[in-house]
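The values are calculated or read from the model by the stated rules, or taken from the named source; none is laboratory data. Here the structure is a predicted model, which means the values were calculated and not measured. Methodologically, a virtual Cβ is constructed for each residue, glycine included, from the backbone with ideal geometry; neighbour enumeration extends over all protein chains shown. For accessibility, only protein heavy atoms count, side chains too; no ligands or nucleic acids. Shrake-Rupley method; radii C 1.70, N 1.55, O 1.52, S 1.80 Å.
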Amino acid sequence: IITLPKEVGNGYEVIAGQRRVRASQLAGIETIPAFVLPLDRDRAIITLVDSNIQRENILPSERAFAYKMKLEAMKRQGYRTDLTSSQVGTKLNRADKLLAEQVGSSRNQIQRFIRLTYLIPPLLDMVDEHKVAFNPAVELSYLTSEEQVALLDAMDSEQSTPSLSQAQRLKKFSQEGSLSEDIMRAILSEEKKPEVGKITLSSDQLRRYFPKSFTPQQMEQTIFRLLEQWQRRRQRDLER
């Protein structure tokens, strides 16, 4: 496990390995090996996030808050490291790009996950439970907390969850300041048209098939190259 000296009082704070500590306690083990790192608070947050984000089957909400915590810590480190405002700006502008490279995603996808942290807990739970899809959830995160509470009531009343196009319209009404419960119910009561010919694959779905060092661009290039090879083999089979 990895520990950090407590800021107040004696003792140490576990920043990575909480599950191992809990398992040892349940097993009656009183002493376990630990590393004590002389990290500052932000460095500890980064270490904690790096440890937890490697878990399999991480929930969208966990990934969202992990990205947000690490990005904020990286930005604070930039403020302390750079000496001039222009240098700080450069450092901060690089933070989300660096984070994207470290987790094998894109800057846009990082920001989309962070948007989930603006959802009220009941809606975020529905994302984790796959009751609300990721893309609509990102759009709904732009609604105010009050509007999100009203939306929950409308969803329960209509027994429906927003599609991507419906969520985008709800966001538009909200930004115009005209979103009401009547509009919410009217939109949710519409018959959803199936999206034809559209396939969406997130980098997180594809990540397990590629080395961690691959960037999103390398992943995309590899996918299209493999598809071209598959198409050529299929064409040869048809010509036989």
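With a ≥ b ≥ c taken as the square roots of the eigenvalues of the C-alpha gyration tensor of segment 118-170, please select rounded if a/c is under 1.5 and otherwise prolate if a/b is larger than b/c or oblate if it is not?
The shape class here is rounded.
Any idea how far apart V21 and D153 come out in nm if each label point goes 7 Å out from Cα toward Cβ?
The answer from the label model is 4.2 nm.
I'd like the Karplus ³J(HN,Hα) series for segment 133-144: coefficients 6.51, -1.76, 1.60, θ = phi - 60°, whole numbers in Hz, and an x wherever there's a Gly or Pro.
So the Karplus estimates, Gly and Pro as x, are 6, 4, 4, x, 4, 4, 5, 5, 5, 7, 6, 5 Hz.
Sort the following peptides by mean Cβ neighbour count (other Cβ atoms within 10 Å, averaged over residues), highest first: 60-70, 116-126.
Ranking, from highest mean packing down: 60-70, 116-126.
Over the heavy atoms of I187, what accessible area does a 1.4 Å probe trace out, to the nearest 10 Å²?
Probe radius 1.4 Å; accessible area of I187 about 0 Å².
Would you please give the residues with an amide H less than 5 Å from that of Y12, counting only those at least 5 places away or on a separate chain, with H modeled from the backbone geometry?
K6
Show me, for segment 219-232, the HN-Hα J-couplings you get by feeding each phi into the Karplus relation (A = 6.51, B = -1.76, C = 1.60, θ = phi - 60°), rounded to Hz, glycine and proline as x.
4, 4, 4, 5, 4, 5, 5, 5, 5, 5, 5, 5, 5, 5
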